[in-house]
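For reference, the structure discussed in these notes is given below.
The values are calculated or read from the model by the stated rules, or taken from the named source; none is laboratory data. As the structure is a prediction and not an experimental result, all values here were calculated from the model. Cβ coordinates were reconstructed from backbone atoms using ideal geometry, including for glycine residues, and neighbour counts include every protein chain displayed.
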């Protein structure tokens, strides 16, 4: 982990710990409900490791919040400008990075994904709400409820986020796309 990743891991761990304590759950409670081990959760809360996107979603669901809120912890304001150099990002695993285009507690979230050639989401995911994917560049294969869709620049797909969904970049080119969801699902 570089210094920025270490800082993010510490901040995320503190946020998870605060959210867990606020609802009076023990690490053992969260472990049982998230199907993650208590030692692993302790490592996350202490800022020693970064959870995968799927595991962060599991933890957030148990805590009654979103991964986005755990990562951002921001206060809501009427208008927020986030310049690309000031935005937070999160590794989605090998070959993909997500940049948060919104900050703080909002009723909607927008996240930009930059996916390297031949990369994919770790596994199908689902969460509450509705979601729209908008392709900026490249080609994305998107699977929702076992139905495959090929999306090119300017294409969108709108779906119920509780349906299992997963993206794939099967090409030799980098793909860039936005996920816009309400309520925030990440």
**Item:** Residues located in the range 169-182, provided they are more than 16 Å from the chain's Cα centre (by Cα) and either at positive phi or not in a loop (DSSP other than H, G, I, E, B) (or both)
**Value:** 169, 175
**Request:** Would you check if there is a residue in the range 37-47 being part of a helix (DSSP H, G or I), closer than 26 Å to residue 114 by Cα and under 14 Å from the mean Cα position of the chain (by Cα)?
**Result:** no
**Item:** Single condition residue 48 does not satisfy, out of (1) under 25 Å from residue 128 (Cα atoms); (2) not assigned by TED's automatic domain parsing to the domain that holds residue 115
**Value:** (1)
**Asked** Can you tell me which residues in the range 115-162 are without any contact (Cβ under 8 Å) to a residue 40 or more places away in the chain and at positive phi?
**Response** 138, 145, 146, 154
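Restricting to the range 7-51, name every residue that is in contact (Cβ under 8 Å) with a residue 40 or more places away in the chain and closer than 13 Å to residue 71 by Cα.
Kept after step one, since they are in contact (Cβ under 8 Å) with a residue 40 or more places away in the chain, are these residues of the range 7-51: 8-9, 11-12, 15-16, 19-20, 23, 47, 49-50.
Residues satisfying the conditions are 8, 9, 11, 12, 15, 16, 19, 47, 50.
Can you confirm whether residue 24 is in a loop (DSSP other than H, G, I, E, B) and either over 21 Å from residue 121 (Cβ atoms) or under 16 Å from the mean Cα position of the chain (by Cα) (or both)? Please lay out each step first, then the result.
Working: in a loop (DSSP other than H, G, I, E, B): yes; either over 21 Å from residue 121 (Cβ atoms) or under 16 Å from the mean Cα position of the chain (by Cα) (or both): yes.
When the stated conditions are applied, residue 24 passes them.
For the structure I just gave you, tell me whether residue 59 is surrounded by fewer than 19 Cβ atoms within 10 Å (Cβ to Cβ) and either closer than 16 Å to residue 184 by Cβ or more than 15 Å from the chain's Cα centre (by Cα) (or both). Before you say what the answer is, go through the steps one by one.
Numbers: surrounded by fewer than 19 Cβ atoms within 10 Å (Cβ to Cβ): no; either closer than 16 Å to residue 184 by Cβ or more than 15 Å from the chain's Cα centre (by Cα) (or both): yes.
When the stated conditions are applied, residue 59 does not pass them.
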**Request:** Return a yes/no flag: does the range 55-65 have any residue that is out of contact with any helix residue (DSSP H, G or I) (no Cβ under 6 Å at 6 or more places or on another chain), modelled with pLDDT of 85 or more and part of a helix (DSSP H, G or I).
**Result:** yes
